[in-house]
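Reviewing the structure listed below.
Read-outs throughout are calculated quantities, based only on the coordinates presented, and are distinct from any laboratory measurement. Keep in mind the model is a prediction, meaning the values are calculated, not measured. A quick note on method: Cβ atoms are made from the backbone with ideal geometry, for glycine too, and the neighbour counts reach across all protein chains shown.
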Amino acid sequence: MSQPLFDKIAIIGLGLIGSSIARAARAQGAVREIVATARSPRTRNRVVELGLADQVVETNAEAVEGADLVIVCVPVGACGAVAKEIGPHLKPGATISDVGSVKRSVVRDMGSHMPKNVHFVPAHPVAGTEHSGPDAGFAELFTNRWCILTPPEGTDAEAVERLAAFWRLLGAKVETMTPEHHDIVLAITSHVPHLIAYNIVGTAADMEEVTQSEVVKFSAGGFRDFTRIAASDPVMWRDVFLNNKEAVLEMLGRFSEDLASLQRMIRWDDGAALEALFNRTRAIRRGIIEAGQDTEAADFGRPHGHDD
Ligand code: NAP
């Protein structure tokens, strides 16, 4: 156990990410006291049953009273409304953060409600699974995953460093970048891949010549891996696409061009070009394994973190 970095943490939203933060913070002794709240009585009751927090309160305003660190863990489209609610109740000198998968819109929507006497340090732990809710979380979710901080210009360096230390204690590696750069990087590494998975699973569902039972039966051919990603939370991902529109559309434009060029290679029997591309992509997979961001093990339905 380490020396606590914060006295009192308020976690707003106890889904996969919020409940994993609660579990990891407790496991590592990162904070002295955890206060939690969620929108629905159902989730709040479950948090009590699971014993994830020292105190579970009904409102967001109540949760942040006296908290030194506040982490908002709700879908990105809801961050602005939560910030508006908690703004007047924040403790002077507190650090306010989030975990949203999009950063530009969160900085815009939350930033305007932050009083001058708090430190606003948006963050995105690039770690997740396709499961949701307080039961889905686990303390090791962030181990060896990246957490990206996007502090607005002029943010107190000490506050940024303290939040970075908190994430490191939870097992993450920390990097800092601008919200704009974050949104472009994540558009290609996470958002577009999710859209491709949603699209291909949707296409298979609409097929007429291949039955649904055949799709399920022969899914190990590759389809199955897309279905895991396409099972991700619908509300969270709706908000990601609506809030990172520009970067996603830009990447999709490039993707469509590259897809058209693949179509041409197949049509013109250009085996050499296909092989050259597949060799390049195989090298990227090797790089990911070498960087410790995945393992060689065949993915036969093992519990598996993926990066969102
Ligand atoms: P989740 O398991 O679905 O939990 C979402 C939480 O937000 C729940 O506590 C829910 O409350 C609450 N919530 C939903 N809509 C709300 C609203 N309109 N107002 C207030 N609270 C609301 O989601 P999650 O996976 O933890 O995702 C939370 C955040 O983490 C999102 O911003 C997402 O972009 C980000 N993130 C997710 C992943 C991932 O892989 N899942 C990875 C990195 C970052 P109730 O339970 O009471 O309904």
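Tabulated data for the structure shown
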{"item": "Spin-label model distance (nm) - GLN55 vs VAL216, 7 Å beyond Cα toward Cβ", "result": "4.8"}
{"item": "Estimated FRET transfer efficiency (GLU65, ARG32; beta-carbon r; R0 22 Å; 0.05)", "result": "0.90"}
{"item": "Cβ-defined net charge surrounding ALA260, 13 Å radius [Lys, Arg +1; Asp, Glu -1]", "result": "+1"}
{"item": "Two-site label geometry, ASP135 and ILE288: point separation in nm, points 7 Å out along Cα→Cβ", "result": "2.9"}
{"item": "For the chain: relative contact order, % (alpha-carbon pairs under 8 angstrom, 6 or more apart)", "result": "17"}
{"item": "Kirkwood hydrodynamic radius (C-alpha pairs) into Stokes-Einstein, the range 62-128, 4 °C and 1.567 mPa s, D in µm²/s", "result": "110"}
{"item": "Segment LEU277-GLU209, length gained on full extension (0.36 nm per residue, minus Cα span)", "result": "21.5 nm"}
{"item": "Distance histogram for the range 6-177 (every C-alpha pair counted, 10 angstrom bins, percent rounded to whole numbers)", "result": "11, 45, 39, 5, 0"}
{"item": "The range 150-308 shape via C-alpha gyration tensor axes, a/c threshold 1.5", "result": "prolate"}
{"item": "Global geometry of the range 181-268, whether rounded, prolate or oblate, following the gyration tensor of its Cα atoms and the 1.5 cut on a/c", "result": "oblate"}
{"item": "Helical contribution to [θ] at 222 nm, DSSP H n ≥ 4, -39,500 (n - 2.57), averaged over the chain, rounded to 500", "result": "-14500 deg cm²/dmol"}
{"item": "Simple label model, 7 Å out from Cα along Cβ direction - MET114 to ILE266, nm", "result": "4.7"}
{"item": "Low-density loop cleavage sites - chymotrypsin sites (Phe, Trp or Tyr not before Pro) in the range 175-249, where at most 15 other Cβ are within 10 Å (DSSP)", "result": "PHE218"}
{"item": "Potential extension, ALA81-HIS181 segment - 0.36 nm per residue separation minus Cα distance", "result": "33.5 nm"}
{"item": "For the chain, fraction of C-alpha pairs farther apart than 35 Å, in %", "result": "24"}
{"item": "Three-way shape call for the range 17-67 based on the alpha-carbon gyration tensor, with the a/c threshold at 1.5", "result": "oblate"}
